[in-house]
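Report on one structure; see the data block that follows.
The values are calculated or read from the model by the stated rules, or taken from the named source; none is laboratory data. From a predicted model like this one, the values you see are computed outputs, not experimental measurements. Here the Cβ is made from the backbone with ideal geometry for all residues, glycine too, and neighbour counts use every protein chain on show. Just so you know, the surface numbers come from the protein's heavy atoms only, side chains and all, with ligands and any DNA or RNA stripped out. Shrake-Rupley method; radii C 1.70, N 1.55, O 1.52, S 1.80 Å.
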Amino acid sequence: KENKLVKFHLLDDEPYTYFEFEIVKDELTNDVALMVTDFALPENLKERQAIWDIQIDTLLNVIGA
């Protein structure tokens, strides 16, 4: 399917670090989910997890979920 995945790479970050958003639809239930994957350096994992937790909470509040 078109436009179900997008990747972002920060210019001042390591070349192999990036994050991506993917829209995933369950074939049985037709539920739709946003999957966020962050390919970060091991020493940045806790910080990145905290950032994404806050961002996802904000998104859920905005959409009323």
Residue list for the stretch 13-27, filter: over 19 Å from Trp52 (Cβ atoms) and part of a loop (DSSP other than H, G, I, E, B): Pro15, Asp26, Glu27
How many of the residues in the stretch 55-65 are open to solvent by 70 Å² or more (accessible area, probe 1.4 Å) and under 12 Å from the mean Cα position of the chain (by Cα)? 2
Can you pull out every residue in the stretch 5-27 that is over 15 Å from the mean Cα position of the chain (by Cα) and open to solvent by less than 90 Å² (accessible area, probe 1.4 Å)? Asp13, Glu14, Asp26
Under 7 Å by Cβ, and 6 or more places apart or on different chains, what pairs join a residue from the stretch 51-62 that is within 14 Å of Phe19 (Cβ to Cβ) with one that is open to solvent by less than 70 Å² (accessible area, probe 1.4 Å) and not acidic (Asp, Glu)? Trp52/Val36
Residues that are touching a Leu at 6+ places or on another chain (Cβ under 7 Å) and over 23 Å from Ile63 (Cβ atoms), drawn from the stretch 1-48: Glu14, Thr17
Across the stretch 28-40, which residue is farthest from the chain's Cα centre (by Cα) among those that are in a loop (DSSP other than H, G, I, E, B) and more than 19 Å from Ala65 (Cα to Cα)? Leu28
Of the residues Glu2, Glu43, only one is assigned to a loop (DSSP other than H, G, I, E, B) and open to solvent by 90 Å² or more (accessible area, probe 1.4 Å); which? Glu2
